[in-house]
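Enquirer: I am attaching a structure below and will ask some questions about it afterwards.
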Amino acid sequence: MNEILYRNLVKLRKQSGMSSRDIAMYLHVTPACYSNYEHGRRQIPLDIVVKLAELYQITIDELVRAP
């Protein structure tokens, strides 16, 4: 499931036209921290998953579901 989440984060960010820096600022984390989320080098806390779903206006299920 994590691999799907990581791929979906990259896909959604690119579709939105936002940079990883923009997303990091929205989440109140460093750009390096967000990059680690996207690349699977750091576990994504549940509160961050919730904020990402809100940002992209999708459910958490959609965020972690395979395309």
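Enquirer: Relative contact order for the chain: what percent, with Cα pairs under 8 Å and sequence separation of 6 or more? Before the final figure, lay out the partial values.
Expert: Working: 48 pairs, mean separation 27.6, N = 67.
Relative contact order for the chain comes out at 41 percent.
Enquirer: Accessible area of the chain with a 1.4 Å probe: how many percent of it is carbon plus sulfur?
Expert: 53 percent
Enquirer: Could you tell me which label, among (1) 10.5, 28; (2) 10.8, 35; (3) 14.4, 48, carries the value of Rg and Dmax of the Cα atoms in Å calculated for this structure?
Expert: This structure yields the entry labelled (1).
Enquirer: Taking only protein heavy atoms and a 1.4 Å probe, what accessible area per residue, in Å², does the chain have with all protein chains in place?
Expert: 65 Å²
Enquirer: Using just the helices of the chain, give the 222 nm mean residue ellipticity in deg cm²/dmol: DSSP H runs with n ≥ 4 each add -39,500 (n - 2.57), and the total is spread over all residues, rounded to 500.
Expert: -20000 deg cm²/dmol
The values are calculated or read from the model by the stated rules, or taken from the named source; none is laboratory data. This structure is a prediction, so every number in the text was calculated from the model and none was measured. Heavy atoms of the whole protein, side chains included, go into the accessibility calculation; ligands, DNA and RNA do not. Shrake-Rupley method; radii C 1.70, N 1.55, O 1.52, S 1.80 Å.
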